[in-house]
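For reference, the structure is listed below as C-alpha cells.
Coordinate-derived values only; no laboratory data. What you see is a predicted model; the values in this text were computed from it and never measured. Backbone-built Cβ (ideal geometry, glycine too); neighbour counts: all protein chains shown.
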Amino acid sequence: ISVKLVRNVASGAPTLADFKIESTSVPTKESLQNDQILVRTLYLSVDPYMRGRLSGAQDSYVESFVAGKTLFGLGVGVIEASTSPDYKEGDIITGDTLKWECKFIANARGFTKIPASSGISPANYLGILGMPSFTAYVGVVSLAKAKAGETILISAASGAVGQVAIQLAKARGLCVIGAAGSDDKVEFVKSLGADAAFNYKTCGDLTAAIKKAAPNGVDIYFDNVGGEFLDAALANMNSFGRIAECGMISQYNATEETAYRVKNLIRVVPKRLSILGFIVSDYYAKPDYANFITEVSTMLKEGKIQYKLHEIVGLENGPQGLLDLFEGKNFGKLVVKVASD
Ligand code: NDP
C-alpha cells in the first residue's frame, strides 16, 4: 500500500480525509534500472515538521507534499535487491526520502547504511541516534551553550526532542524543569532526571507554574511549543537568557483567527535575551554532528541515556499518527512500524 495526500491544507487542522490509502502493485527486482535499490520499508518517522509539508507552501525549508502523490520522509528500510555497487541485499539503510509505501524502488543516493552489528534496533536511528536527538543537541549544546549551574526549561519535555534535551542538560549539570501534557508524561520527565516537572494543562496560571518550578528564573528556554507557553517562559527569563527556538507546535494548525499573539516579546530588550531559531538540517555538515554521535552513542553504551519510542503498527495507521502529534496523543518518539526487520 501507499499513503497519498488528497489535498494540501494551508491552515487549520488536517483530518484523515486529507490522506488516502491506496493499494499499489508491488515493485520487483526485475524493474530495477542501473544504480537503483529495491527497499522494503521497516519504520517511518512521524514528525511535527511534516505539518509544513502538508501546507503546499513553496517558500518552506522543506519540500511540500503534492496532492495526489505519495508522502515521504525519514525512515529505515532493508534492501531487497540492488543494482548499485554501494548496496547489497540485506543492508539496512536510513534516509529522509523514504516513501510511505511498503516497498519501493529508489535511486541509490542520499541513504546511509546502518552498521549491521551495532546491536541497536533500527528504529533508534529515527530517535536517539537520529534527527530529533540531534535537534536536542543543537539546541542545548551548539546554540544555547548550556553551562553547569544554569536553569533550563523544556516544553513538550516527554517528546522525541524534549526527552533528549533533558538528559543532555542534566549531563552538563544544569537544573532542568520540564513541562508536559499529562501526569504520566510528567512522571516520565522526572524519571529522566528533571529536577522539577509539571503538567501545563492542569497547573493553572502558566507564568506562576514556571516561577514555582524555577524560583531563581530561567537561563535557557528550549521552546518546542510556542504560543502561550512561550509567553509565560518569556516572563520568567533571567537577563542574558537564551531561547533555543526549536519549534512552535501549538501554532502549526492555527488560522489567522486562532493564532496566538505573544505579548511578552517586549522583554527581549531590557533582559538582553537571545532568540536562537534553528533548523537541524543546517548542522549535519558541521563538527557538531560528529560530536553529537560520539557523546550520545557513548551514553547509550554506558546505559546513561534512555529513550522512549511510541510505536504504531501498520502503514495505514500513519496518517492518524501524524494527526495525533498535534493532540499530544504520542508518548515518546512516534514511529510507524511498517514491517519486521
Ligand atoms: P513530540 O514527540 O514532542 O510530539 C509533539 C508533542 O507536542 C505532543 O506530544 C504534545 O506533548 C506537544 N503538543 C502538541 N500540541 C500542543 C499544543 N497545542 N500546545 C503545547 N504542546 C503541544 O515532537 P518532537 O519532539 O518531534 O518535536 C517537538 C518540537 O520540535 C516541534 O515543535 C517540532 O516542530 C520541533 N522540531 C524542530 C526541529 C528543528 O530543526 N528546528 C527538528 C525537530 C523537531 P504534550 O502532551 O506534552 O503537550
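Can you sort I293, I92, I154 by how many other beta carbons sit within 10 Å, fewest first?
I293, I92, I154
Name the residue from I114, G127, V164 whose Cα lies farthest towards the positive end of the charge dipole of the range 107-233, charges +1 on Cβ of Lys and Arg and -1 on Cβ of Asp and Glu.
The Cα lying farthest towards the positive end belongs to I114.
Using a 10 Å Cβ count of at most 13 others and DSSP loop calls, identify the longest part of the chain lacking such GluC sites (Glu not before Pro).
Values: sites that count: E63, E89, E256, E257, E302, E327.
Segment 90-255 is the longest.
Determine the dipole magnitude for the range 79-209: charges of +1 sit on the beta-carbon of Lys and Arg, -1 on that of Asp and Glu, nothing else is charged, the reference point is the Cα centre, and the result goes in debye to the nearest 20. Could the numbers behind the result be given before it?
Details: 12 positive and 12 negative charges, 62 e Å.
Dipole size: approximately 300 debye.
For a label point 7 angstrom out from the Cα of N291 toward its Cβ, which stretches of the range 141-177 have the backbone nitrogen within less than 13 Å?
141-147
Charges only on Cβ, +1 for Lys and Arg, -1 for Asp and Glu: so what's the dipole of the range 131-281 about the Cα centre, in debye to the nearest 20? Mind dumping the intermediate values first?
Details: 15 positive and 13 negative charges, 111 e Å.
I would put it at about 540 debye.
Which of the pairs K113/K286; K29/K337; K170/K337; K145/K301 have their Cα atoms more than 27 Å apart in this structure?
On the way: K113/K286 20 Å; K29/K337 23 Å; K170/K337 31 Å; K145/K301 25 Å.
Pairs exceeding 27 Å: K170/K337.
Consider a paramagnetic label point 7 Å from the Cα of A235 along Cα→Cβ; state which residues of the range 257-277 have an amide N under 18 Å from it.
Counting only backbone N, you get 260-271.
Need the list of lysines near K333 for cross-linking: C-alpha distance under 18 angstrom, and skip anything on the same chain fewer than eight residues off.
Leaving aside lysines fewer than 8 places away in the same chain, those within reach of K333 are K185, K190, K308.
Give me the extension gain from R109 to I1: residue separation times 0.36 nm, minus the current Cα-Cα distance, reported in nm with one decimal. If you can, show how the numbers build up before the last one.
On the way: separation 108, 0.36 × 108 = 38.88 nm, distance 2.34 nm.
Taking 0.36 nm per residue and subtracting the Cα distance, the gain is 36.5 nm.
Hey, what did the range 131-281 get for relative contact order, percent, Cα under 8 Å, at least 6 apart? Could the numbers behind the result be given before it?
Numbers: 308 pairs, mean separation 32.9, N = 151.
It rounds to 22 percent for the range 131-281.
Enumerate the aspartates and glutamates that K263 could reach by cross-link, defined here as Cα to Cα under 12 Å, with residues fewer than 8 away along the same chain left out.
Leaving aside aspartates and glutamates fewer than 8 places away in the same chain, those within reach of K263 are E228, D231.
With N residues in the chain, what two-decimal value do you get for its Cα radius of gyration over 2.2 N^0.38 Å? Don't skip to the end; give the middle numbers.
On the way: Rg = 20.5 Å, N = 341, 2.2 N^0.38 = 20.2 Å.
Compactness ratio reported: 1.02.
Provide the percentage of antiparallel DSSP beta bridges, counting only those with both residues in the chain; round to the nearest 5.
Numbers: 30 of 55 bridges.
If we restrict to bridges inside the chain, about 55 percent are antiparallel.
In what order do R172, R242, R109 fall by count of nearby beta-carbon atoms within 10 Å, going from fewest to most?
Details: R172 17, R242 23, R109 12.
Ranked by crowding around the Cβ, least crowded first: R109, R172, R242.
Rounded to the nearest Å, what's the spacing between the alpha carbon centres of the range 298-341 and the range 136-172? Just the number, please.
Cα centres, the range 298-341 to the range 136-172: 20 Å.
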